[in-house]
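Each value in this text was obtained by applying a stated rule to the coordinates, not by laboratory testing. All of these numbers come straight from a predicted model, not from anything done at the bench. Ideal geometry is used to build each Cβ from the backbone, glycine not excepted, and the neighbour counts take in all protein chains shown.
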Amino acid sequence: MPITVREAYLQGREHLAASGSAEAPIEAEVLLRHVLQLDRAALYTGWDRPISEDAWHQFQRVLDERARGRPVPYIVGQREFMGFTFAVDERVMIPRPETEVLVECIVEWVGRRERGNAAAPTPASSARGGARERDVGSRLPDPGSRLFVVDVGTGSGCIAVSLAQLLPSAIVFATDISMEALEVARANAARHRVGNRITFLQGDLLAPLPPHLAGRVDAVAGNPPYVPVSQRAALPREIRDFEPPVAVFIDGDGIAVHRQLIAMEVGAGQADDVAGAMAGDGKYARVRTLADYSGIQRVVVGERAASP
Ligand code: GLN
């Protein structure tokens with residue numbers, strides 16, 4: 001008597017619950033859909049269909065992998081982020097929903113700024129005449145107003161690719177110290193057809209950026225490793241034993257990279273004071289301010305000396 005989709009699902013759920021998974025129902029469903037290559041609706045409407053013996057054995061194999069701790073996104077090879085599907089494997093950290101906040105914050109900031117610019121066109125843009133004025137207030141990006149965004153430690157590319165998707169005027173530079181992470185990120189950029197607006201560079205933090213970008217970067221995003229190595233044993237094995245350590249752990253108190261690189265937006269006229277305070281702190285070998293595209297010093301960037 002062949003086993004049905006429902007029976008396979010119920011057995012999978014039990015198997016995962018017994019192995020300690022807190023999310024056995026959704027994980028069993030995702031793994032079963034992966035094996036059967038079915039979307040959610042097809043799974044639910046085909047509940048009483050039999051599954052092939054091959055599929056059943058394959059389902060057993062992925063359940064065992066999961067029970068041994070391998071995270072579901074690595075098993076199925078993908079993860080959703082900002083509504084986009086990203087290919088992931090052990091070369092990169094799995095995108096987390098909390099990182100979506102960072103992407104949303106940048107997208108909102110850019111939106112506010114573009115609306116502000118549309119409401120009060122700069123003298124340079126009004127000087128371009130009538131044709132230009134029809135664009136004011138529309139959602140079309142001004143072809144002359146390039147937005148430069150940097151994603152440090154891009155990993156799967158989830159931040160860089162989402163920003164390129166959501167900000168059609170953005171030119172994105174994405175760095176990573178891991179060459180193999182960059183391979184994954186490049187494939188994700190191609191998959192979402194934004195490869196032509198993202199430049200991937202291998203290296204630490206801002207180091208590999210081309211010099212001509214100095215003073216032209218509008219926003220720096222990043223989700224650096226910040227778990228202190230001393231907390232390794234306390235982490236769930238999914239992270240501890242499966243995700244790339246270089247993406248997760250940092251020596252010391254966990255804010256070493258944040259101390260190495262700080263980029264923050266400031267109000268008009270504040271950049272010098274903030275930069276002065278940061279330089280006075282003595283922790284930063286290099287403090288710079290970056291102008292926005294109307295020429296206002298808008299972002300203060302501090303970089304710590306490579307190694308003290
Ligand atoms: N930027 C990627 C992410 O947010 C990778 C981050 C990392 O590897 N630390 O998922």
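What angle, in degrees between 0 and 90 and rounded to the nearest 10, separates the Cα long axis of helix 5-18 from the longest principal axis of the Cα atoms of the chain? Compared with the principal axis, the helix lies near 70 degrees. Remark on Leu261: its backbone amide H falls under 5 Å from those of Arg304, a criterion applied only to residues 5 or more positions apart or on other chains, H modelled at 1.01 Å from N.
Computed 3J(HN,Hα) for region 241-253, one whole-Hz value per residue from the Karplus formula 6.51 cos²θ - 1.76 cosθ + 1.60 where θ = phi - 60°, is 9, 10, 7, x, x, 5, 7, 10, 9, 9, 5, x, 8, glycine and proline marked x.
Simple point charges give the picture: +1 on the Cβ of Lys and Arg, -1 on the Cβ of Asp and Glu, and for region 187-308 a dipole about the Cα centre of about 360 debye.
Taking amide hydrogens as placed 1.01 Å from N in the peptide plane, the amide H of Thr199 sits under 5 Å from those of Val172, Phe173, Ala174, each at least 5 positions away in sequence or on another chain. Phi angles across region 55-72 convert, under the Karplus curve 6.51 cos²θ - 1.76 cosθ + 1.60 with θ = phi - 60°, into 3J(HN,Hα) values of 4, 4, 5, 5, 4, 4, 5, 6, 5, 5, 4, 5, 5, 7, x, 5, x, 3 Hz, Gly and Pro given as x. Just need the relative contact order of the chain here, percent rounded to a whole number, with Cα pairs under 8 Å and 6+ apart. So the answer I get is 13 percent. Here the dipole of the chain is about 740 debye; that uses its Cα centre as origin and unit charges on the Cβ of Lys and Arg (positive) and Asp and Glu (negative). Here, region 145-257 is characterised by an Rg to Rh ratio of 1.01, where Rg is the alpha-carbon radius of gyration and Rh the Kirkwood radius. Sites counted here are GluC sites (Glu not before Pro) in a DSSP loop (not H, G, I, E or B) having no more than 12 other Cβ atoms within 10 Å; the longest part of the chain that contains none of them is 99-308. Full extension of the chain segment joining Ile3 with Arg146 gains 45.8 nm, where the gain is 0.36 nm per residue of separation less the Cα-Cα distance. Excluding the site residues themselves, the longest part of the chain lacking any trypsin sites (Lys or Arg not before Pro) in a DSSP loop with at most 12 other Cβ atoms within 10 Å is 194-308.
Among the chymotrypsin sites (Phe, Trp or Tyr not before Pro) found in region 1-108, those both in a DSSP coil and sparsely packed, with 14 or fewer other Cβ atoms within 10 Å of their Cβ, are Trp47.
Each distinct pair of alpha carbons in the chain adds a 1/r term; the inverse of their mean, the Kirkwood radius, is 22.0 Å. Amide H contacts of Val88: Gln78, Arg79, each under 5 Å away and 5 or more positions distant or on a separate chain (H built 1.01 Å from N in the peptide plane; Pro and chain starts excluded).
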